[in-house]
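Scroll down for the structure; my scribbles are underneath it.
The values are calculated or read from the model by the stated rules, or taken from the named source; none is laboratory data. Keep in mind that this is a model prediction, so the values were computed, not measured. Positions of Cβ are generated from backbone atoms using ideal geometry, with glycine treated the same way; all protein chains shown enter the neighbour counts. Areas reflect the complete protein model, heavy atoms only, side chains present, ligands, DNA and RNA absent. Shrake-Rupley method; radii C 1.70, N 1.55, O 1.52, S 1.80 Å.
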Amino acid sequence: MNGNEIINELKKMSDEKYKKNIIKLGIPEDRCIGVPMADLRKFSKNIKKDNDLARELWISGYHEAMLLSVLIMDKKSVTLEYIEEIMNDVISWDLCDHLCKNIIIKIKGYEDLIYKWSSSEKLYYKRAAFTLIASYVIHNKKADDEALNKMLQIIEENSDDDREHVKKAVLWALKEIGKKDMEWKDKAAKVSNKLISSGIKSKVWIGNNALKELNTLVKVEGRTRLISNKSKMGSNV
């Protein structure tokens, strides 16, 4: 199938109720087809990895086609330069996170984008920086202290952005660092308190919400990361 044929198939899969919900989240109606992510993942299994086809789907501008594009990219040959180019087309938090978690963190040297994008004025470049921090901590068991300290510094220095899709990503990144172990829980809590004491609206919001979860974290035998004592497994500690 070529790009047009795939898009026609997606239109056949359209769910009008789902489409209306997506439009409410801010996706322009003329760019929305209305296919749930679970259906896109299932559909992608019938398509071979192909960067040319992925590019064709991406430039179509359809939200679901762009999500599908990420699923069929050949990660081994995607470059950071290409990622920086297509990030300009991202207009939603879900596509931003989808691209970060499925492609960017699998490209060698992606950590450089964290430092580059964290101070960007562009909404989804900046969100991506903090989504990448969260993903780095979750998936990298060998995350070193130097890198994590730099990431905490980035959070502290760039958390004065009150845009919802940015501050929620900053909060996510801070909490995930705190879940690494007890030492990093304490470090994340210290940063949270600094944010609160700044008096800056977005920083106070991030600090308070981070502490709500950090204060519940406990170590559970058999798990490498901390979990909340409010969870079923954590409540037994």
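Looking at the stretch 174-191, is at least one residue surrounded by fewer than 17 Cβ atoms within 10 Å (Cβ to Cβ), among the small types (G, A, S) and farther than 23 Å from K116 by Cα? No. Given the criteria closer than 20 Å to K116 by Cβ, free of Cβ contacts under 8 Å to residues at least 60 places away in the same chain and not hydroxyl-bearing (S, T, Y), does V166 qualify? When the stated conditions are applied, V166 passes them. Exactly one residue out of V218, V166, V170 is open to solvent by 10 Å² or more (accessible area, probe 1.4 Å) and in contact with a helix residue (DSSP H, G or I) (Cβ under 6 Å, 6 or more places away or on another chain), and it is V218. Residues that are open to solvent by less than 50 Å² (accessible area, probe 1.4 Å) and either touching a residue at least 40 places away in the same chain (Cβ under 8 Å) or touching a Pro at 6+ places or on another chain (Cβ under 9 Å) (or both) within the stretch 2-21 comprise G3, I6, I7, L10, listed in sequence order.
The sole residue among D97, D89 that is closer than 30 Å to N158 by Cα, modelled with pLDDT of 95 or more and surrounded by 17 or more Cβ atoms within 10 Å (Cβ to Cβ) is D97.
When the stretch 100-122 is filtered for residues that are open to solvent by less than 10 Å² (accessible area, probe 1.4 Å) and polar (S, T, N, Q), only S118 remains. Scanning the stretch 45-65 for residues that are under 17 Å from K12 (Cα atoms) and open to solvent by less than 20 Å² (accessible area, probe 1.4 Å) turns up L57, H63, E64, A65.
Counting the residues of the stretch 120-147 that are outside any helix (DSSP H, G or I) and modelled with pLDDT under 95 gives 5.
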